[in-house]
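See structure below.
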Amino acid sequence: MIDLHTHSLFSDGELLPSELIRRAEAIGYEAIAITDHVDASNIDIAIPRVVRAIKSIQKFISITAIPGAEITHVPPALIPDLVKEARKLGAKIVIVHGETIVEPVAPGTNRAAIEAGADILAHPGIISTEDSLFAKDKGVILEITSRKGHSLSNGYVAKKAMKFDIPLCINTDAHSPSDLITHETAIRILLASGVEENRIDSIFNNSKALIEKALRRD
Ligand SMILES: [Zn+2]
Ligand SMILES: [Zn+2]
């Protein structure tokens, strides 16, 4: 499994980065990104702490662990500067918490995330065709999620992505160890979301390509 959206206790996850990574390694993950929720209050705490944790354990683990961040519930106008700041602080994968239908995320967040060049637009909800095409244009990957609530719009996102050939990834948005899933479960969630079988490999390849891009960032 490759999972590029998870939370540690540096935001609202349950585990220290080291335990989250160990749990993922133990169930056979190939790669994990830790992407804690950030806004201006904690961006300079959460990211450097996760960077430090990963650096300290890196040579002792068999899984690729990547520090990241999820810019969450900030006014859309602030997203571009926070994406830049996150990268400067060492986030190699920057996610924006998209317009999920189960939270009052500010309208315009999807658009601002794409414009700002985030790597992944998480749970984008009922994303417009215009924004979907803009994401494709900018190389921003739309997310299919195993997270309850956010996953209600998976079918919509998958349908839009297939119609317009927009890159997708699948992540857990894990907050607890029980949220981590196997590769087989990820495949079943993609199929259940309406993704055609012949597109499954390309979805995992999008995640792999993003990891390669992330690891080239210094
Ligand atoms: Zn959360
Ligand atoms: Zn999240």
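A short reminder: the numbers here are calculations on the coordinates, not readings from a lab. Every value quoted in this text rests on a predicted model; they were computed, and no experiment measured them. So basically every Cβ, Gly included, is an ideal-geometry build from the backbone, and we count neighbours across all protein chains shown.
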Query raised in the report: How far apart, in nm, are two points set 7 Å out from the Cα along the Cα-to-Cβ line at I200 and at V102?
Result: 2.4 nm
Requested in this report: Show that you can apply the helix-only estimate: for the chain, add -39,500 (n - 2.57) for every DSSP H stretch of four or more residues, divide by all residues, and state [θ] at 222 nm to the nearest 500.
Outcome: -12500 deg cm²/dmol
Query - Per-peptide average of other Cβ atoms within 10 Å, ordering 132-140, 163-171, 27-35, 52-60 highest first - result: 27-35, 163-171, 132-140, 52-60
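Roughly speaking, what % of Cα-Cα pairs in the chain are separated by over 25 Å, rounded to a whole number?
Details: 7144 of 23653 pairs.
Considering the chain, 30 percent of its Cα-Cα pairs are separated by more than 25 Å.
Could you tell me the relative contact order of the chain? Use alpha-carbon pairs under 8 Å, at least six residues apart, and round to a whole percent. Walk me through the numbers on the way to the answer.
Values: 445 pairs, mean separation 42.7, N = 218.
That works out to 20 percent.
Add +1 for every Lys or Arg and -1 for every Asp or Glu among the other residues with Cβ under 13 Å from the Cβ of I43, and state the total. Provide the component values of the computation, followed by the final result.
Working: positive: R49, K84, R87, K88; negative: D36, D39, D44, E70, D81, E85.
Charge balance in the 13 Å sphere: -2.
On a 24 Å Cα-Cα criterion, which of the cross-link pairs K55/K208; K88/K208; K55/K148; K88/K213; K59/K136 come out too long? Let's see the in-between values first.
On the way: K55/K208 20 Å; K88/K208 22 Å; K55/K148 31 Å; K88/K213 16 Å; K59/K136 35 Å.
Beyond 24 Å between Cα atoms: K55/K148; K59/K136.
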Query raised in the report: Scanning the chain for helices, which whole DSSP H stretches are 24 Å or more long along the axis (Cα) and average -0.5 or more by Kyte-Doolittle?
Result: 200-216
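Compare the peptides 108-114, 191-197 by average per-residue count of other Cβ atoms within 10 angstrom and give them in order, highest first. Can you show the working numbers first?
Values: 108-114: 23.1, 191-197: 14.9.
Highest mean packing first, the order is 108-114, 191-197.
Compute the relative contact order of the range 56-108 as a whole-number percentage, counting only Cα pairs closer than 8 Å that sit 6 or more residues apart in sequence.
Numbers: 48 pairs, mean separation 21.3, N = 53.
Answer for the range 56-108 is 40 percent.
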